[in-house]
Each structure stands twice: as C-alpha cells, then as structure tokens.
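To start, the structure under review is shown below, and the notes come after it.
FYI, it's all coordinate maths here, none of it is from the lab. Small disclaimer: the values here were computed from a predicted structure and weren't measured. Neighbour counts are summed over all protein chains in view; Cβ atoms, including those assigned to glycine, are modelled from backbone coordinates with ideal geometry.
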Amino acid sequence: MNTNIKQAQELDQQDTLHHFRSEFYIPEKSIYLDGNSLGLLSKRAEKAIDAAVQSWKDYAIDGWTEGENPWYYLSENLGVMSAPLIGAEPDEIVVTGSTTTNLHQLTATFYKPEGKKTKILADELNFPSDIYALKSQLKLKGYNPDEHLIQVQSSDGHTLRTEDIVAKMSDEIALIVLPGVLYRSGQVLDMKTLTKEAHQRGILIGFDLCHSIGSIPHSLSEWDVDFAFWCTYKHLNAGPGSVAGLYVNRKHFGTEPGLAGWFSSAKEKQFDMDHTLTPAENAGAYQIGTPHLLSLAPLLGSLEMFEEAGMEEIRRKSLRLTGYLMELIENELGGYEFKIANPKDETTRGGHVLLEHKEAARICRALKADGVVPDFRKPDGIRLAPVALYNSFEDVWKSVQILKRIMDEEKFKKYENKRGVIA
Ligand SMILES: *Cc1c(COP(=O)(O)O)cnc(C)c1O
C-alpha cells in the first residue's frame, strides 16, 4: 500500500490536541521522537520557571509563604495537580526527590522483612537504577541481594507475563516493585491484577511510573496500589532533573518514614524545631529535606496542560500515533529486517514503539543526522516515541520516509555501530 503525506495531514486536522504543539519549543529542523527520555520545554513551563526566579527576586526569604505559589506548599500543591494523572487522592501524592531517592524512601518505609517473608520481588527487565536501589536496601537490612532479590524472567526478552509474575509471589516475598510500563519494550503491566494477586498473598506492591505517567491513565486508588513513584522529565515535560513524585495509599498514612528529615514533618509543626519528628499525616511524610524549588516550578506550567488536554484524550491520540507509526513501518520498511518488538495490542502497548535491527546503533546516528531524534537502547533497540502533546501524524510520516531513505541508500554505513555516552 502506498502511503502519502496527505493522509498524515488529514489525521492532524482531525486531531483535537493539535493546538498544544505550538506551545512547545521544538528544536529547529528536527522531528523529536525522544520525549520518553526528555520531554520538550513548553512556553508554560518556561514561564513558571521565570516566575519562580522572580519570586526569589521579589520576596527573598518570604517567598516560602508569599507570592502566587509559596514554596513551602509547592510540593503538596503539585501533588494535587498530579492526582488526575495517577487516579489517586490529592493528599496521597507529593512531588519530591528523584525517582531513585523516592524508591529508596518507599522501600525503606514499606520493606519490613519478618519471619519467612524477607524477599523482594522485581523483574529482570526493569531500569537498572531501580534494581541497584533494591539491592542496596536489602544490604542495609543485612540480606544478600543474590538470594533476597527475586527477578521475574521474561520469556521473550521484551515482555513479562502476568502469570509468571504471580507465580513468583511466594510466601517468602515481603515486597514487590515493578514498572507500570517497561522502559524498553513499552509494555503496560496489568497493575490492577498484579495488585490484587499480591494482596491476596499479604504482599505490599509498588510501581515505578516513569514511563507510564503522562502516557497512560492510571487508577491507583481503585486498584488499591500501596505506593508508586515517578520522574517528571519524561512524558511530563518538566525539564532535565525536574523533581519527581511519589504516591502512598492513604491506608498507610501514619507509617513512619524510613528515611526521615525535617520536611517529613506536619507542616504546622516543622518550625517548632523539635528533635522528635511529628510526621505529616499524608504522603507529605515521605519527603526528606528542602525541595528543589527551581526544578519544581516548571511542573506548574506543564501539569496545567495535562489538565486541559485530559489523560484519556492524550492516551487516545498516543495510541493512534504509535498505531500509525507501526502501520507505516510495516508498509514501507518490509524488506529491511526491522522487528517491531513492543506489544502491538492496545491494552499492553505503552507510549513508544521499539524497533529492533542489528545495525540499530548506527541507524540511530543516521536518523539524528537527518533530523529525526530517536533513542538507542542496547543492544539493538531504536525507541521512537511520538508524544501526544507535541508530535503530529506528519512527524510520524516524515520520520518513516527518512528512515526508509537511510535504509534504501545505506546511509547508516557512514557511522560506527556503537552507542554514544548517553544513549
Ligand atoms: C528514567 C527512569 C529512572 C530514572 O531515575 P532517576 O532517579 O530519575 O534518575 C528510573 N527508573 C525508571 C524505570 C526509569 O524509566
């Protein structure tokens, strides 16, 4: 089948989210398909950063309690704004720390080995930082991670089967930590079923939402998930090093934070400067120290856009974009030994497409040289993430044409088949 640019342009005309694209800074002459690694800057996020700087200029120390967005309450207020993205109640969320420090905090808080229940269950496909954190938490409690970290195996190297995970939920497991969406294949895990199965066995379960927040809707309260954590620089477009988030189910409110600091305090008590901590009676208790205000600010602008667009609409468009991308790849690149390695089904497909090819590293370099920004994932993966808020169907169409030309003309052969320092 022949595809053409007019078809892509028609899809853009029907797209109800198309107007958001003009609110973003899209690097010149480039088609950006890497928003699942670092989302683009929006004008609203930029304005929010400027306002935070202005607040510092205008108010100095009083910025903690004055101005439009007083710093002292910003982590909690951004939690309120994040609630619709994860389907939880506002006081169950706080925007704080980084993904990895939040995982440390939540593991330190909820991993309570007792009797036979001493092990942590994770998976072999998760992002390394999560695994490093879990291993170090085990060591801190005096356990050997080789024996106490159980990692569910993948049968195909890309995805995890719910039944394989459930089969590992033995009576030795105290805690489960899994991703909501796998970072490489983009598989969406069945968080609802996994939570139900864990709870039937008396196991606490938490999810890493780095690749799912802002990409797919969640119903953490309804699913009764115990805790979750996520970064905000990927699909949430809050900028490099922006402050992360965490969720704690209200049934756990009052559980003492494993890693305490003065920002764990109940707000009205914090400045009593007492040496006995009175923790906040909500998710705020799992903060540690002073929040990174200048890296919190951009979220004010970017979360506003999610509220306006709505997560259901974003997901609908995202599925159309990845569906269109897969269709074009199948139609145009049939002869080039690409393998679509993400789940194709709409219930398990996340926000990006994973293309595998033995020349992936240098194909990525050629794509970048021709203005398409993908990302490479070892050993042979090309991740392409058309993002609902700023990518168009025309972007997708053009990207596949550019990739086709690279393959037709073997342009990738100009490069070494090696990854860069950041890939
Ligand atoms: C991006 C990502 C991280 C990054 O952790 P930071 O602490 O933000 O550096 C961790 N886990 C997963 C699954 C990720 O996708």
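Using the alpha carbon gyration tensor of segment 266-309, what are the three equivalent-ellipsoid semi-axes (square root of 5 times each eigenvalue), largest first, in whole Å?
29, 12, 8
Once the convex hull of the C-alpha atoms of segment 308-414 is built, how many Å³ does it hold per residue, rounded to a whole number?
94 Å³
So, how do all the Cα-to-Cα distances of segment 35-174 break down into 10 Å bins, in percent, from 0 on up?
Reading upward from the zero bin: 10, 25, 29, 20, 13, 3.
Select from segment 35-100 those GluC sites (Glu not before Pro) which occupy a DSSP coil region and have at most 16 other Cβ atoms within 10 Å, ordered by residue number.
E66, E68
Quick one: helix 43-59 against the long Cα principal axis of the chain, what's the angle to the nearest 10°, folded into 0 to 90?
30 degrees
Summarise the long-distance tail of P(r) for the chain by giving the % of C-alpha pairs beyond 40 Å.
That tail contains 19 percent of the Cα-Cα pairs.
Counting other Cβ atoms within 10 Å of each Cβ, which trypsin sites (Lys or Arg not before Pro) in segment 80-130 have at most 15 and sit in a DSSP loop?
Answer by residue number: K116.
Along its three principal axes, how long is segment 262-343 when you only count alpha carbons? Whole Å, largest extent first please.
Extents along the principal axes: 69, 29, 24 Å.
Just how many % of Cα pairs in segment 1-83 lie over 22 Å apart, if you round to the nearest whole percent?
Values: 1739 of 3403 pairs.
Roughly 51 percent, once rounded to a whole number.
Taking loop as defined by DSSP and a crowding limit of 13 other beta carbons within 10 Å, which GluC sites (Glu not before Pro) in segment 292-398 fit?
Details: sites: E304, E307, E308, E312, E313, E327, E330, E332, E337, E346, E356, E359, E394; in loops: E337, E346, E359.
Sites meeting the loop and neighbour criteria: E337, E346.
Any chance you could give the angle, 0 to 90 degrees and rounded to 10, that helix 128-140 forms with the longest Cα principal axis of the chain?
So the helix axis and the longest Cα principal axis differ by about 20 degrees.
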